[in-house]
Each structure stands twice: as C-alpha cells, then as structure tokens.
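K.L.:
The structure under discussion is supplied below as structure tokens; questions concerning it will follow.
The values are calculated or read from the model by the stated rules, or taken from the named source; none is laboratory data. Bear in mind that the values here come from a model prediction, so they are computed numbers and not experimental data. Don't worry about glycine lacking a Cβ; one is built from the backbone with ideal geometry, like all the others, and counts go over all protein chains shown. Just so you know, the surface numbers come from the protein's heavy atoms only, side chains and all, with ligands and any DNA or RNA stripped out. Shrake-Rupley method; radii C 1.70, N 1.55, O 1.52, S 1.80 Å.
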Amino acid sequence: MAEARALYTSSDVHHTEPCTCHLTSITQSLACGDPKAKPSYLIDKNLESAVKFIVRKFPAVETRNNNQQLAQLQKEKSEILKNLALYYFTFVDVMEFKDHVCELLNTIDVCQVFFDITVNFDLTKNYLDLTVTYTTLMILLSRIEERKAIIGLYNYAHEMTHGASDREYPRLGQMIVDYENPLKKMMEEFVPHSKIDAVNIFLVRSYNKRINDIRECKEAAVSHAGSMHRERRKFLRSALKELATVLSDQPGLLGPKALFVFMALSFARDEIIWLLRHADNMPKKSADDFIDKHIAELIFYMEELRAHVRKYGPVMQRYYVQYLSGFDAVVLNELVQNLSVCPEDESIIMSSFVNTMTSLSVKQVEDGEVFDFRGMRLDWFRLQAYTSVSKASLSLADHRELGKMMNTIIFHTKMVDSLVEMLVETSDLSIFCFYSRAFEKMFQQCLELPSQSRYSIAFPLLCTHFMSCTHELCPEERHHIGDRSLSLCNMFLDEMAKQARNLITDICTEQCTLSDQLLPKHCAKTISQAVNKKSKKQTGKKGEPEREKPGVESMRKNRLVVTNLDKLHTALSELCFSINYVPNMAVWEHTFTPREYLTSHLEIRFTKSIVGMTMYNQATQEIAKPSELLTSVRAYMTVLQSIENYVQIDITRVFNNVLLQQTQHLDSHGEPTITSLYTNWYLETLLRQVSNGHIAYFPAMKAFVNLPTENELTFNAEEYSDISEMRSLSELLGPYGMKFLSESLMWHISSQVAELKKLVVENVDVLTQMRTSFDKPDQMAALFKRLSCEEFVVLSYHIPFLVSSIEDFKDHIPRETDMKVAMNVYELSSAAGLPCEIDPALVVALSSQKSENISPEEEYKIACLLMVFVAVSLPTLASNVMSQYSPAIEGHCNNIHCLAKAINQIAAALFTIHKGSIEDRLKEFLACRFLNSSSQETTNIASSIVFLRCSRTGLLLYISPITAKLFKGRFQHPKNVWALGCVNLLIFIVICLHVENTTDALGK
C-alpha cells in the first residue's frame, strides 16, 4: 500500500505529479488565446462543422453512417493521430490515475488505516496530498473546453485508420461525461470513504447542507482576513530580519535553530502566496490591506535565509550527523527495547535505523561524503503503513512516542542530505511565474519607494525559483517557463540599472552645476560687487539679493535639513546595495551579473552626456569652450568614481571604454563624438572665418583673435584658441583625437595644394621660363603678367606639447641619417605634439595626391614650379590692403605673418616626397621672390613681410617690419640698405642661435 501510494501521489501539485503537469500545460495552451498554441484542427474553418458534429454526438459518434459530415476529416486522419496523441493519452493517464486512486482508497477503507499527523506524519500527509491532487486533477479536466473535440477527433481518426475505436475510448468518453460537474460526482465517490477523516466528511456533506456556514465564513474572511494577514506580514518582516541578522553573525546557530528557519520560511511563503492569489480579487472596502509596498523586504529576508542555509550547509550537516549518532540512535534504541510486542519484520527495520545512525561520524562531513537517507525514509514510510492498519501486531496508535521520535529523526536526516529539497518545500515561490502582471507590479512599487529599493534584488532572485515548477515528464513547458524566467530576470536587472543610472545622472548634473559656479567667467560679478562696495557705489535695483558664493550649499544650520543632493545620494546607496548584493545569479543555465548591467548603462549614459555637454548647435554653430567641457567632464568623472564606494564595479574600465571612443570620429554605435564635433567646428567655423578675414593669428598671445568687422561673430576666437583652451582640447581628445584633427587639417591643406597644382599645370610653360630667368627682372615682369591666376594658402601649425625625452631624441638626428629613419623620428615627435622640420602628417596627405597618369619626374617638376608660383605671387599678395602690418596683434590681418611657416612645411613635405633638396628649392624660392620685385614693390613688401633664410637650418624666417626698420636705420646708402640689412640680420640670428644669453647676443 505504501509503495502504491508513493507511485500515485506527490507532495506538490505543480511539479511532482506528471499527470497534473501535462493537464495544466494543456489547459494553459488551449486557454491562452494564441492560435499557434492550439491544434490547427480546432480552429480550421473547413473542419468546423465536422468538429461540432463530433462534440454534439460525443461519446457515441456513428462514423459509418455520417460520411457526409465527416468526409472532410478523411484526408487529415494520419495528421490527427500524430498531433493529438499527446493530448489523448494525457486524458488516458488521468483516467488510469483515477482508477488507481479509487482502488487505493478502497484498500485504505478495508484496512481501516489510522491517521494522525503527529504520529504517522508521512502517511497522513501523503493521504491528504492524494486527495487534493485527485480533486485538482478532475477539476482541471472539467475546465478544458475542447476535451470532447480532441478525444472525439482522435478516436475518429483511429477508427478510420485501424478499422476500430481505441480500446480506452469507451471508458474515457464515459468519464468525460460523468465529470461534467466534478464536485457533484466526487461527492458521490467519497460517500463510501466518509468514515476515514473529517476532510472527506466535509467534502461529502458540505455541498448541500453547509452552504450557510460557508457563506458566513466567507463574510468573516472578507471583513477580517485582509488586516489579519497584513499584520502577519508585518510581524514576519521583523522576525525574519532579526533571524537573518543573528544567523549572519553566528552561523553555528543554524544547526539547533534549523526548525525555526524552515518554519519562518514556510510562514512567509504562505503569506506571500495568499497576497498574490488575492491581488486581482481584492474587496473594495479593504483594498489597502491587499496592497503591500513592503513585500520586497519580506521576500529579501527569505532569500537571505535561503542563502545562509546553502552557504552553511556543512555546518548543519556536522551538527545533525552528531545529533543522529549521539542522541537519536540512543533514544530510538531504548524505545525499541521497551516495546512489549515487536514482530520480526518491524524489528529488523527498526534495528537498521539504529545501525545506520550509529555508523555516522563527523569525518564523513569533513571528507565531503555524499549522504543519502532516502532508503531509510522509505522504510519508515512502509513501517507506518504496516503499523497503522487495524489488525497490525505492532500498532503505532499505541506507541505514539515511537512515531513522534521517528518523525523527528526523519527531519534530522533531511537536514543532512536534503537541504535543497527542504528549501524548495518550505520557501519555493515559483508560483510567481504564473502571475507575471502582479509580479511586475510589485517590482515597480518597490522601486518607487526609496526605502524599499535596497530589497529590489529579491525579484531577480525569485526568477531562479521558476524552473522548480517544471517536470521531466513534461518537457514542453520547460522552454516556455525558462524563457519567461530569463526575460523577467533581465527586465528586473535592467530596470534597476536604469534607476541607478538616472540617480547618478541627477547627481552628476548637480555637481556639474556646482563646478560651473567655480569657473573664472563667474568671478567678474563678484569682483564688481566688491569694487562697488569698496567705492560705496550703489548699483542695481534696491532690494536685489546678494549673489550666493560657491560653497554655501555645504553650510548646514540644522542636521534635519536635507537637500536634494542628500536625497539622491541616499536613494543611490540603497539601490546600489541591492545591485551589489550578489555577484551573479544562475537562471535556467544562464548567469546574470547585476553589476554588469549598471556598468553597461553607465557607459551609454556617460557617452551621451559627454557629447551633450558640448552643447553643439549645428544651426548657430555654437559649442562649449574646451576648458568648460573639461571642467564638466571632470566633475562627472568624480561622481562616477564615488560609485565604487557603493558597488564593486571597475569604473576605470568605464572611463577607458567611453573616453577612448570619444577620441575616434564615431563611437561604437555610429554616433558623432566630441572629436568629430570639435574637429568640424574648428575647421569649418573658426578657420573658415580666418579665411574670410574676420579672424587673425596673434603671435604674442599664440591665439586667434577677432578682427573688427561689420558683422560681429557669434563667438570670441581667443576664448577657443588660446593655450589653455588648446591644452583642454588636447586633454579631451587625447592623442588619437588630436591626430584625427591634424589629419583633417592636413586634408584641407592638401586639397588647397591640389588646387594650386592645377594652376601650376595651367601655367607650366610660363613658370618654367620664370624658373630659369629669375636674374632678368624685365623678362620676369613680362612673364609674370602672363600668369592666369595667383593664390596663396595660409596654414596653421600644431601647438607644441613638450615631451622632453622625445624632443631630445628629435634634436639629435644626424644630418646624414637616411630620410626614412628621420621620418620615423618625426612621426614619433609629431604624435607627441612636437613641431618638426618635416610634418609627417602633411607628407602623408600630399603623398595621397599622386596621379597615375603623371610620371615621378613630372610630379617633381610641378612641385618645383609650385614654389616658383608662390614666390612670384608674393608681390601681389603684399599689395593687398589686408597685408598691412597691425601692431595691435603684432601681425597682419590676413595672417601672412604665418607665411614663412607655411612655405617651409609645404616645401619640406613636397621635396621629401620627391626626394629633392629642400635647401636648394628654398634658395630658388628666395631668388625668385626678391629678384622679381621692382623698387616700388620691394617697398610694399618691406612694409608687409620680410623673409630670411637661416644658413644653419636652411629654413625661412619671418621678421616683422618693426624689427626690419630697426636695422634699416643703421645704413645710409639706399641701394645697399636691404642687402646689408639682410646680412646683419643673418649675423644676428646666427649669433642668437649659438649663444644662450640673449644680452650677449645683442652686444655682439
């Protein structure tokens, strides 16, 4: 009888009874409303009439005489047999289960079994489970609306295929008809078993005679149950919190207090399930009692207790192994010895119990031995069956102490080998899988309440329970439930990370605002107020409040005053506690890491925030100053670094990933970065205004400045191009970003050089003659008039970023070094931000312009003629109105004071590419430039620009007109003034280059 009971019942309807699992799965698939989940024959319009005919005639369907109505099913009979077999045989299993249950109940009646939950616990519990499972199964069966259609269709296909009905069909069809009203039918079935226990008596008699009692109980429950369960949950929250705190500090107490732990888990689980099942059916009068915003706290402490049990399992094993061997075995042996009557079979079983417990030792736990007491527990189950019948030689009803002792021993064995199963039995909340809407609502309520957000991790942890409601004999549910557990866990962790990200963003916004108050631009008003106060001048309107100084927000007059920043930090610390609670969690063979969710969201938000803080407006071409953006980014990073105090994440990895992407043209999502925004702004906005003559380079300040114009610019060039701003820009963009900016600039330069080359090609004959006639002024003047166009390109250069070691390496390249080796050194120096005689980026940009249709010799010739073209064009440039020298900016309004640098760099790059002599070409340039000028033109040029070639470096030098005039005044003969002036200047420059002390150089 015990073995039969073990086969036909279970301790839980959802996950240990295959019939119930299959039936539940069928009910859900047919009732979910998804057409894909239903058999196609039930929704096919062509088969609708045939299906209705079978349902109407069920179970006696005359297939022989109704060929017309059922003709449409002929073609589908093989597919019907194949696809409906699972459904049909599930119903057959239910019928067989019903037969076995009825047989077992009859056996129990005949044997007059004694039931007492305190004595024969397992037998009584399993009997009650059997009754509940059977009742549940038959009610589920009656709620499948398509049951007649499925069974009738399968039987018709079977008869058409095999010539006869399925052998189980008659009984199955009759059972379906009998259980149209399952409660009424079961009432009739349980009449013969009414003497067994009060549960069956109530089931039999209550249907008609106790309706009023039930109605009164219902009214009492509606009035008082909500408040009663609310107070229970409140008490359990406090009790579980204290228990978890004590066990966390003293895990050794898990042994003696294990029963209290499992009792607490069971009570809490029952209250949570009660609330969940009533969430959608709450009374209107006491609706607040059915909404618990603190349910997350109760679930959290349940998970904490479960974690303690799993973590300290060996501690509990050690305790109960000693308990079983040192106490239980001794007491059980004494009880057995004191039995007045003990048959041989029972004696053998009891002796085996004592021997099994006596053989246990702590060393087995230390050695990691796997314990298995399932055989012992099954033997006790058999013994309960033997000793609970009316005519048993050893009646357990007469030896209650023995039964109670054995129940205690069985519990102790479960503490050794079945801790995980005990956790499932007492605290499994996989039922949430079937209440997704209520589950998500509880989670949202938890996040909305800051004091409860620290417990929000309980919801993802509950998703680890879901797979316990599956069964190996019902595999079709496994993927569905697994996918739901993964999606819910992912959604919960993602929402938690988003909430934390939003809080961090708000804190960063507050800190950026505070940092902005410390910028130099805000100190002007404070200085003005101080000056006015000192001079006793009254400014502004009366009663105007005095501007608060930065830092005033940190002054607290009262500890109770809480600022918005305080609230944000408190909420963040609570939520980060939850995210940091577990390093990872396993859900259906997948591992989730909560911290990675936060890291991912921080990277995305940090990226968007950096780009957003540039405040770039494409319409007005406005953008934040690099120094201000750098201040905001540093404030943002400071806040992000503080996150490491709350949660264990590698914030440095976030910085590396985000800031490194910002040094590229596009980020990993294909969005513009600060590198692309600032590159476009400096090249398309600032330098375009330089070309338009609205901005000039100020050598003394090493910055661009605005020139007075009719239409004022919307920005001040100096505020974007001085040394501090360039340093900030280089720090923001990094080496890769600055290289991209440099390459983009070189692309613009190479494009303009390409245009110049086109002009050279158009005037190649004239320029060739001019190149060989530079010593014939009259012929040069005639040839110059034949040129079709004269243009000039003003170039900018890199702001030096001094790195002493690389600079030293660059400055000591021997002159006889191979050019390829020298270019490698220049490339290294350029990457470090050092100025080079030959710009490698410009070399690369100009190299890409080589044409396949032009020979290298022709390319070299064009490059030489380009220098001639530039040289002979200088007089025209010098005669331009904008070429007048401006002392205010110590340069020229059209930036020709940068001409020497531009010519040097372009010449060096061009003749490095063509392997020509840079020094010879610059000599040729100077010859063409000076000898091409008439006396009047020379005077104009002298007032604009003076070039000298340094004999030490071979490079052109720019001398301002003021400096030239100083030397010009020392010579009296007008014909020799410039020749002698150039010689003296050259001597002066050479001395300066060789003498460290400038005073000594001037003296010499």
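K.L.:
Could you list, in sequence order, the residues of the stretch 264-283 that are more than 20 Å from LYS218 (Cβ to Cβ), without any contact (Cβ under 8 Å) to a residue 60 or more places away in the chain and open to solvent by 40 Å² or more (accessible area, probe 1.4 Å)?
P.N.:
If the condition is that a residue be more than 20 Å from LYS218 (Cβ to Cβ), without any contact (Cβ under 8 Å) to a residue 60 or more places away in the chain and open to solvent by 40 Å² or more (accessible area, probe 1.4 Å), then PHE267 is the only one that fits.
K.L.:
In the stretch 232-256, what count of residues is obtained for those that are open to solvent by 90 Å² or more (accessible area, probe 1.4 Å) and not hydrophobic (A, V, I, L, M, F, W, C)?
P.N.:
Taking the stretch 232-256 as the starting set, the residues that turn out to be open to solvent by 90 Å² or more (accessible area, probe 1.4 Å) are 232, 234-235, 241-242, 249-250.
Those still in the list that are not hydrophobic (A, V, I, L, M, F, W, C) too: 232, 234, 241-242, 249-250.
Number of matching residues: 6.
K.L.:
Which one of these is in contact with a Lys or Arg (Cβ under 6 Å, 6 or more places away or on another chain), of a type outside the set (Phe, Trp, Tyr) and within 22 Å of GLN648 (Cα to Cα): HIS590, HIS569, HIS601? If you could, list the steps in order and put the result at the bottom.
P.N.:
Numbers: HIS590 fails: in contact with a Lys or Arg (Cβ under 6 Å, 6 or more places away or on another chain); HIS569 fails: in contact with a Lys or Arg (Cβ under 6 Å, 6 or more places away or on another chain).
Just a single option satisfies the conditions, and that option is HIS601.
K.L.:
Next question. Yes or no: ASP417 free of Cβ contacts under 8 Å to residues at least 60 places away in the same chain, surrounded by fewer than 16 Cβ atoms within 10 Å (Cβ to Cβ) and closer than 30 Å to GLU334 by Cα? Write out each step before concluding.
P.N.:
On the way: free of Cβ contacts under 8 Å to residues at least 60 places away in the same chain: yes; surrounded by fewer than 16 Cβ atoms within 10 Å (Cβ to Cβ): no; closer than 30 Å to GLU334 by Cα: yes.
Against the criterion (free of Cβ contacts under 8 Å to residues at least 60 places away in the same chain, surrounded by fewer than 16 Cβ atoms within 10 Å (Cβ to Cβ) and closer than 30 Å to GLU334 by Cα), ASP417 does not qualify.
K.L.:
Please specify each residue of the stretch 437-494 satisfying the condition of being more than 19 Å from the chain's Cα centre (by Cα), of a type in the set (A, V, I, L, M) and open to solvent by 10 Å² or more (accessible area, probe 1.4 Å).
P.N.:
Hits for the stretch 437-494 are ALA438, MET442, LEU449, MET467, LEU473.
K.L.:
Could you tell me which of the residues THR620, THR631, THR614, THR652 is closer than 22 Å to LEU519 by Cα and open to solvent by 20 Å² or more (accessible area, probe 1.4 Å)?
P.N.:
Numbers: THR620 fails: closer than 22 Å to LEU519 by Cα; THR614 fails: open to solvent by 20 Å² or more (accessible area, probe 1.4 Å); THR652 fails: closer than 22 Å to LEU519 by Cα.
The unique qualifying residue is THR631.
K.L.:
Return the pairs, sorted by first residue and then second, in which the second residue is part of a helix (DSSP H, G or I) and surrounded by 14 or more Cβ atoms within 10 Å (Cβ to Cβ), the first residue lies in the stretch 331-351 and is without any contact (Cβ under 8 Å) to a residue 12 or more places away in the chain, the beta carbons are less than 8 Å apart, and the residues are 6+ apart or on different chains.
P.N.:
Correct list of pairs: SER347/VAL336.
K.L.:
State whether one or more residues within the stretch 678-697 are under 22 Å from the mean Cα position of the chain (by Cα), modelled with pLDDT of 90 or more and not β-branched (Val, Ile, Thr).
P.N.:
No; the residues of the stretch 678-697 include none that is under 22 Å from the mean Cα position of the chain (by Cα), modelled with pLDDT of 90 or more and not β-branched (Val, Ile, Thr).
K.L.:
OK, next. Is it fair to say MET701 is within 25 Å of PRO520 (Cβ to Cβ), out of contact with any Pro (no Cβ under 6 Å at 6 or more places or on another chain) and assigned to a loop (DSSP other than H, G, I, E, B)?
P.N.:
Values: within 25 Å of PRO520 (Cβ to Cβ): yes; out of contact with any Pro (no Cβ under 6 Å at 6 or more places or on another chain): yes; assigned to a loop (DSSP other than H, G, I, E, B): yes.
Yes: the conditions hold for MET701.
K.L.:
Residues to consider are HIS294, HIS308; find the one that is in contact (Cβ under 8 Å) with a residue 60 or more places away in the chain and touching a Leu at 6+ places or on another chain (Cβ under 7 Å). First the steps, then the outcome.
P.N.:
On the way: HIS294 fails: touching a Leu at 6+ places or on another chain (Cβ under 7 Å).
Answer to the selection: HIS308.
K.L.:
If you scan the stretch 669-716, which residues turn out to be among the hydroxyl-bearing types (Ser, Thr, Tyr) and closer than 16 Å to ILE896 by Cβ? Spell out the reasoning first.
P.N.:
The initial filter retains those residues of the stretch 669-716 that are among the hydroxyl-bearing types (Ser, Thr, Tyr), namely 673, 675-676, 678-679, 682, 685, 691, 697, 709, 714.
Those that are among the hydroxyl-bearing types (Ser, Thr, Tyr) and closer than 16 Å to ILE896 by Cβ: SER691, TYR697.
K.L.:
May I ask you to list the residues in the stretch 669-711 that are in contact with a Leu (Cβ under 7 Å, 6 or more places away or on another chain) and aliphatic (A, V, I, L, M)?
P.N.:
Matches in the stretch 669-711: ILE674, LEU683, ILE695, ALA696.
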